[in-house]
Amino acid sequence: MEPDPLPTPTPDADRIVEDVLAGQTAAFAGLVRLYQESVWRIAAALLRDRDATENVAQQVFVDAYLHLDQYELGTDFGAWIRTLARNRLRKELRTAAREDRRLATYRQRLAERLRAEAGDRHDNADAYLAALRGCRESLTPRDAELIQQRYEKGMSFDAIAARHGQTPEAVQRMISRIRFRLRDCIRGKLTDL
């Protein structure tokens, strides 16, 4: 096993770090300019979504600012911030995976509950899916898009809110209302069978 290469000193970055730690917080923008491209590339390589990449890159620089005192002057600032970026990205991907699992469980429980509420005589999965498709087609384009973003793409309320210029709470309420309308529509279609 080869030994780790010696760190490449980054005097420009070190000067900026010293300035920031001395209280010149505006100097931090210089670190952002020097390293934003490499942080962006790390995030974009795995996320492949511009908004998510931008959010992660911003959070990396927030993390760097908050932990700047942990950087060892005279070492490689680029390596240090890339490590922060990889750690932040791992955390975001773990969070997204947990959210995906939670959404899958929620979808399954919701489908089971809706089938149970529709009554045992309508416990036909094909009829239920056909009713769901028919009800979904009756949604407005905006409502259909919200449902698709949340349940098919697995987007968070925050991400959907950012796309639609709403608060996450407002998006959550809108989606809840849409779900209730879908449930009532499905019940109606299954009752008609």
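The values are calculated or read from the model by the stated rules, or taken from the named source; none is laboratory data. Quick caveat: nothing in here was measured; it's all calculated off a predicted structure. Here the Cβ positions follow ideal geometry from the backbone for every residue, glycine too, while neighbour counts run over all protein chains shown.
What to note about this one:
- Here Glu112 does not fit the description of being surrounded by 13 or more Cβ atoms within 10 Å (Cβ to Cβ), part of a helix (DSSP H, G or I) and at pLDDT below 90.
- Residue identified as in contact (Cβ under 8 Å) with a residue 60 or more places away in the chain and either assigned by TED's automatic domain parsing to the domain that holds Gly154 or exposed (fewer than 12 other Cβ atoms within 10 Å of the Cβ) (or both) among Thr75, Thr95, Thr8: Thr8
- Hey, Leu68 assigned by TED's automatic domain parsing to the domain that holds Thr25 and within 22 Å of the chain's Cα centre (by Cα) or not: no
- Which numbered condition Trp80 fails, given (1) assigned to a helix (DSSP H, G or I); (2) more than 22 Å from the chain's Cα centre (by Cα); (3) surrounded by fewer than 16 Cβ atoms within 10 Å (Cβ to Cβ): (3)
- Of all the residues in segment 83-116, those that are more than 20 Å from the chain's Cα centre (by Cα) and of a type in the set (Gly, Ala, Ser) number 2.
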